[in-house]
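See structure below.
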Amino acid sequence: QVQLVESGGGLVQAGDSRRLSCAASGRTFSRYAMGWFRQAPGKEREFVAAIHWSGTNTYYADSVKGRFTISRDNAKNTVYLQMNSLRPEDTAVYYCAADQSPRSYYYPYGYDYWGQGTQVTVSS
């Protein structure tokens, strides 16, 4: 069982940077793959980034590749999403997700555990 709490959201201007954090409970965090998803109003939840439990492999949506970076600190039970060059279309609620063996890194059904989300609003 893993509980996830996101933080770091807020209102930013286009071109700004922001770092999201997701703190996980549980002593087996290091064995969980982690993902970030986002959901804008009226849209489906979409994949943003994911990282293997070891940190060796990372995955990104094309829309954020080169701008966002996912990382993890297993000693702190935390996964991060560094977001640079933010755009208004990045506005959404951002969720972190965890699973020991995701059926898919790229789709919500691949993850069993979810946080409550943190709002990121990018103004133009």
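Quick notes
- Each residue of region 61-67 was assigned a 3J(HN,Hα) from its phi angle through the Karplus curve 6.51 cos²θ - 1.76 cosθ + 1.60 (θ = phi - 60°); the sequence is 6, 4, 5, 10, 4, x, 10 Hz, with glycine and proline shown as x.
- Listed peptides 48-54, 2-8 by packing density, highest first (mean Cβ within 10 Å): 48-54, 2-8
- Take every DSSP beta bridge whose two residues both sit in the chain; close to 90 percent of them are antiparallel.
- Rounded percent of accessible protein surface that carbon and sulfur make up, the chain, 1.4 Å probe: 44 percent
- For region 27-40, Karplus couplings with θ = phi - 60° (6.51, -1.76, 1.60), whole Hz, Gly/Pro x: 8, 10, 3, 5, 9, 9, 6, 10, x, 10, 10, 9, 9, 8
- Take every Cα pair under 8 Å whose residues are at least 6 apart in sequence, average their separation, divide by the length of the chain, and the relative contact order is 35 percent.
- Equivalent ellipsoid semi-axes, the chain, via Cα gyration tensor eigenvalues times 5, rooted, Å: 22, 14, 13
- A 1.4 Å probe run over the chain, with the rest of the protein chains in place, finds 52 Å² accessible per residue.
The values are calculated or read from the model by the stated rules, or taken from the named source; none is laboratory data. Owing to the predicted nature of the structure, the values given are computational and were not obtained by experimental measurement. Neighbour counts run over all protein chains shown; Cβ positions are idealised from the backbone, glycine included. Please note that ligands, DNA and RNA were not included when accessible areas were found on the heavy atoms of the full protein model with its side chains. Shrake-Rupley method; radii C 1.70, N 1.55, O 1.52, S 1.80 Å.
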